[in-house]
């Protein structure tokens, strides 16, 4: 007996702990993306989490004001948009030279149930994730690594 395409697609999917989000919580899951090469992996992991928790998925990219590299920026945004669309979500782009301030304002306005980010390396953290955690300690922040594994940011092996 063979496996169906849906079963095959889920074989290597990481398990995501949604215990911190009440079942049928409603509300929104906010996904932060900037790296077009990692966006698909981050958004796909967030989509699984959103479906398990019945959360709306909102994908956001905070970009610096475009000045010189229009072609590269357009290519990157097209890839970010494709990653969102492939997970049945829309991409919202916020332009600001104060990326952290823009992110804090957006989270304050949207009040998500949880947030997802990618992590740039094995350090499992960066300034953006640290500031989000400090600014919104009550909102669970999940990091998606280069292999697609999901953990609470700042925690390992969970």
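All of the numbers you see were taken from the coordinates with simple rules; none came from a lab. Model, not experiment: these values are computed from the prediction. All Cβ positions, glycine included, derive from the backbone under ideal geometry; neighbour counts span all protein chains shown.
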Calculate the spin-label point distance for residue 52 paired with residue 131, positioning each point 7 Å from the Cα along the beta-carbon direction, and give it in nanometres.
3.0 nm
Quick check: residue separation of residue 44 and residue 78 times 0.36 nm, minus the Cα distance between them. What number comes out in nm?
10.6 nm
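Provide the packing ranking of 99-110, 136-147, i.e. peptides ordered by the mean count of other C-beta atoms within 10 Å per residue, highest first. Spell out each step's value before the answer.
Details: 99-110: 15.2, 136-147: 16.8.
Ranking, from highest mean packing down: 136-147, 99-110.
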Counting every Cα pair in the stretch 51-94, what percent are over 16 Å apart?
43 percent
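Please report the antiparallel percentage of the DSSP beta bridges confined to the stretch 22-152, to the nearest 5.
Details: 3 of 20 bridges.
Counting only bridges with both partners in the stretch 22-152, antiparallel ones make up about 15 percent.
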The simple spin-label model distance between residue 88 and residue 69, using points 7 Å out along Cα→Cβ, in nm, is 3.5 nm
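For the stretch 22-152, what value does the Rg/Rh ratio take when both radii are computed over Cα atoms and Rh is the Kirkwood radius, given to two decimals?
0.94
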